[in-house]
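Take a look at the structure below.
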Amino acid sequence: METYEGTILAGRSFEPIRGRVMVDEGRIEAVEETATESTDIVLPAFVNAHTHIGDSVAKDAAVGLSLENAVAPPDSEKHRRLAAASRAELVTAIRRTLRFMQQTGTAAHLDFRESGEAGAEALREAAAETATDAFVFGSGPPSVLEIADGYGASGANDDDFADQRAAAREANKPFAIHAGEPDATDIHPALDLEPDLLVHMVHAAEEHLDRVADQGVPVVACPRTNAILEVGRPPLSDLLANTTVALGTDNVMLNGPSMFREMAYTATNFDVSDREVLRMATTAGAEIADLDCGVIEPGRRAALLVLDGDSNNLAGTVDPVSAVVRRATGLDVSDVVL
């Protein structure tokens, strides 16, 4: 039995309790309120709900480029560099990014993996040697679903994804699609595909939000990348009022996959509470991919992040939730339990 003591951000409300989390054979056995001298903060490990981890071969290559020139298929900087990378270079770059994600407390990530079956297999190979789980949204022909956990479409304006949508439904795997990133023209066509997940929704208007609510489609927001590419700001408060919203760091080429940085940026730039931001970074992503993590409660997988509450950065904080969301960094991590 392993025990982690301190201030526990337990349950779906993250209400801080002084106590301990007891773990047995990788699962949370109990969460107990009890006296403790530990200054640690124990929270659920993160779920990064949208990544393009193949971009690890081209970090910062798109600085200063527009959305189209940076990432749009098939001729953007991103796709040229992906095509030029060898399999060994790709796997090595992905694996190093996964190790960073593990070090900074990410239990799992939901990845849109380019390059069809070969791309999905490369991520599987890289992830096999790390503790951060990869939920793979494959690309290309429907046959990629034999390898991937779901299908990830670039956008309804890029191609006709009807066959891929049908194949995902037949395979009982989720279908996800980018929508509303450069403008709103692809949102209704994306919703017509009855997706299981939408990514971005920067330009979602009331008519789109009504459909999102009616269809019960969750959304992943990527605020830092939207700012870098100057495509706008997602309407987070409106999205949260209509559906489940998770946070993702998006392209590794543009952003380091730090959920600490994503939370801090979101909390300081949008009208959402710190608890909502923490939920977007943990519970929501886990729910979207049906993962057994994202909440500290008995019976769950023990995917935990332990922060040193007495670090030079966190010592003296009044509100542990706000400290985690707005102030904490990877330097404050004392343990990652995955």
Item to check | Qualifying position, being part of a loop (DSSP other than H, G, I, E, B), charged (D, E, K, R) and in contact (Cβ under 8 Å) with a residue 12 or more places away in the chain, among D60, D75 | outcome: D60
Item to check | Within the stretch 211-228, considering residues that are aliphatic (A, V, I, L, M) and in a helix (DSSP H, G or I), the one surrounded by the fewest Cβ atoms within 10 Å (Cβ to Cβ) | outcome: A213
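Tell me which residues, restricted to the stretch 237-254, are under 13 Å from A221 (Cβ atoms) and not acidic (D, E). Spell out how you get there, then give the answer.
Quick first cut of the stretch 237-254, residues under 13 Å from A221 (Cβ atoms) only: 237-240, 242-250.
Within the stretch 237-254, S237, L239, L240, N242, T243, T244, V245, A246, L247, G248, T249 meet the criteria.
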Checklist entry - Which condition number in (1) touching a residue at least 60 places away in the same chain (Cβ under 8 Å); (2) assigned by TED's automatic domain parsing to the domain that holds V212; (3) touching a helix residue (DSSP H, G or I) at 6+ places or on another chain (Cβ under 8 Å); (4) buried (at least 19 other Cβ atoms within 10 Å of the Cβ) is the one that A284 fails? => result (3)
Next on the checklist: If the requirement is being within 18 Å of the chain's Cα centre (by Cα) and touching a residue at least 12 places away in the same chain (Cβ under 8 Å), which of these qualifies: A127, A167, A122?
Outcome noted: A127
Next on the checklist: Is it the case, given these coordinates, that G232 is assigned by TED's automatic domain parsing to the domain that holds L98, on the phi > 0 side of the Ramachandran plot and not in a helix (DSSP H, G or I)?
Outcome noted: yes
Item to check | Whichever residue in the stretch 235-250 is of a type in the set (A, V, I, L, M, F, W, C) and in a helix (DSSP H, G or I) and, among such residues, is surrounded by the most Cβ atoms within 10 Å (Cβ to Cβ) | outcome: L239
Next on the checklist: Anything in the stretch 24-36 that is surrounded by fewer than 18 Cβ atoms within 10 Å (Cβ to Cβ) and in contact (Cβ under 8 Å) with a residue 12 or more places away in the chain? List them, or say none.
Outcome noted: D24, G26, R27, E29, A30, E32, E33, T34, A35, T36
Checklist entry - Across the stretch 86-110, what is the total count of residues that are in contact with a Gly (Cβ under 9 Å, 6 or more places away or on another chain) and closer than 14 Å to M253 by Cα? => result 4
Checklist entry - Residues in the stretch 187-203 that are surrounded by 22 or more Cβ atoms within 10 Å (Cβ to Cβ) and over 20 Å from the mean Cα position of the chain (by Cα): how many? => result 2
Item to check | All positions within the stretch 80-114 that are out of contact with any strand residue (DSSP E or B) (no Cβ under 9 Å at 6 or more places or on another chain) and within 20 Å of Q164 (Cβ to Cβ) | outcome: L82
Checklist entry - Does L331 fit the bill of being touching a Phe, Trp or Tyr at 6+ places or on another chain (Cβ under 7 Å) and part of a helix (DSSP H, G or I)? => result no
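Could you check the stretch 5-19 and list, in sequence order, the residues that are buried (at least 21 other Cβ atoms within 10 Å of the Cβ) and in a strand (DSSP E or B)?
Of the residues in the stretch 5-19, the ones buried (at least 21 other Cβ atoms within 10 Å of the Cβ) are 6-10, 14, 19.
Answer for the stretch 5-19, where residues must be buried (at least 21 other Cβ atoms within 10 Å of the Cβ) and in a strand (DSSP E or B): G6, T7, I8, L9, A10, G19.
The values are calculated or read from the model by the stated rules, or taken from the named source; none is laboratory data. This is a predicted model, so every value here is computed, not measured. Here Cβ is always computed from backbone atoms with ideal geometry, including for glycine, and neighbour counts include all displayed protein chains.
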